[in-house]
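Just so it is clear, none of the values below were taken in a lab; they were calculated from the coordinates. Just so it is clear, the structure is predicted and the values come from calculations on it, not from any experiment. Cβ placement follows ideal geometry from the backbone for every residue including glycine, while neighbour counts extend to all protein chains displayed.
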Amino acid sequence: MKAVPVVLLALLLAALVAPIPARAAHPPVGWAQLDTPGYADYLARLRAAGAPEDKVRLIVEADAEDWLQHQRSRAAVEMDIEWWRTQADQFPYEAFQNRFGELREKRRELLKRHLGDHYREPAEPEDARMIAVLTGPVLGALPPDKFKAVLEVCGRSASRSQDYLALRLDGQVLMNQSDLARHRDQTRVELARLLTAAELEEFLLRNSQNASRLRMEFAGVNLTPDEFRQIFRAVDALDHQMQLEYGAVDSLSARQREEFELRRAEAIRKSLTAERYRQYLASRYPLYRTAQLAVKKAGLRDDLTLAVFEVMQANENRRRRVQADTLLSAAEKTTALKALEDEKQAALRRALGDETYRVFSEAQAN
């Protein structure tokens, strides 16, 4: 027997251990290819392999739903708004709803293209009208199941409010702000079961009544997103609790209102820099401008304005309470108002110090 040449033996061994060439694999196909020719080829291969048509339909419908949700999430970011600004309340919800409607129509076209005679109309969410409340990178990116559940909560919330307002219009009930506050609280409770703390805050920042009022309150300050978020965190719990207990600020007694406003003002003050807080006061309270002018007239430091304003504001609240007291006679009101003026001067002396108060009071007298 002739010896096998070493070179030939090496070639034979290499052939034995060499991997068998893999068959050319088709690239993965899913929702992202739904609107490409490759998806139709993919379905053709499935059908050629004997896949039942009802199974093919389930695959296409699932991919179409994934396509819709990814497109919706993308649009939710692209069409997001500056939610911290006053004009955010004028956001044209219709624009996003129209965009979602266009996406749903595109999905129908794709389903008809790939399913032909086996096409069936996709079910539409009952609460699609609420879709625009879930915009932005946080809410727009919610997983589909959570997204749908939140929409259902929003739909129930809107229905409760509409039913309540309908009863009022029919004259069956009187408008009660506490009832409306409880409706809003129920919505918060339901959302808290579905969302993380960060997601719930994002929802409230964009969609709650308290956030809407806060945007109007700070219309003249041009807050940054971080400033608005900090202020909302500071006052939302105060506002919400007051609304649950009393309905609105107008339902508070004069003393309760003064105490509430002081607590709220302090919470806002701690949320802003000194300069930004002064800008807020100047935009919100005409009396702050009065204090500014009085300090400037006296030639005092600008940073004393806040102390003068706080004394003047507290005095004004008490003065209004005396004026509104129907149990006091005219003479008693005069005496009470004189006492309040004396208290104001004493408070200004304590706030400014004796010498600065002397300069301030002399400037006001001239």
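Observations
- Working from label points 7 Å from Cα in the Cα-to-Cβ sense, the K112 to A331 distance is 8.9 nm.
- Other residues lying with their Cβ under 14 Å from the Cβ of M79 contribute a combined charge of -1, Lys and Arg counting +1, Asp and Glu -1.
- When GluC sites (Glu not before Pro) are flagged only if DSSP places them in a loop and at most 15 other Cβ atoms lie within 10 Å, the longest unflagged stretch of the chain comes out as 127-366.
- Alpha-carbon geometry of the stretch 95-144: the Rg and the Dmax are 13.1, 39 Å, given in that order.
- Where the Cα pairs of the stretch 279-366 fall when distances are cut into 10 Å bins, in %: 17, 44, 29, 10, 0
- Using every pair of distinct Cα positions in the chain, the Kirkwood expression returns a hydrodynamic radius of 26.9 angstrom.
- Sites L200 and Y285, calculated FRET efficiency, Cβ-Cβ separation with R0 41 Å, nearest 0.05: 0.80
- For the stretch 226-249 versus the stretch 35-92, the gap between their alpha-carbon centres in whole angstrom: 39 Å
- Mean ellipticity per residue at 222 nm, deg cm²/dmol - from DSSP H runs of n ≥ 4 across the chain, formula -39500 (n - 2.57): -23500 deg cm²/dmol
- Between A51 and E105, the FRET efficiency from the beta-carbon distance, with R0 = 25 Å, is close to 0.35.
- Since only A324, Q364, A298 are under comparison, the one whose Cα sits farthest along the positive direction of the charge dipole of the stretch 279-366, derived from C-beta charges on Lys, Arg, Asp and Glu, is A324.
- Applying both filters, DSSP loop and at most 14 other Cβ atoms within 10 Å, to the trypsin sites (Lys or Arg not before Pro) of the stretch 253-356 gives R301.
- The residues packed around E266, meaning those with a beta-carbon under 13 Å from its beta-carbon, carry a net charge of 0 if Lys and Arg are +1 and Asp and Glu are -1.
- From the largest down, the stretch 223-272 spans 33, 18, 13 angstrom on the principal axes of its Cα atoms.
- Calculated on alpha-carbon atoms, Rg and Dmax of the stretch 163-299 in Å: 17.7, 61
- Pairs of Lys residues in the chain that lie 8 or more places apart, or on two chains, and have C-alpha atoms under 27 angstrom apart add up to 14.
- DSSP-loop trypsin sites (Lys or Arg not before Pro) across the stretch 66-166, with at most 11 other Cβ within 10 angstrom: R120
- In a reduced charge model with +1 at each Lys and Arg Cβ and -1 at each Asp and Glu Cβ, the chain shows a dipole moment near 520 debye about its Cα centre.
- Along its first, second and third principal axes, ordered by size, the stretch 41-154 spans 59, 22, 22 Å in Cα coordinates.
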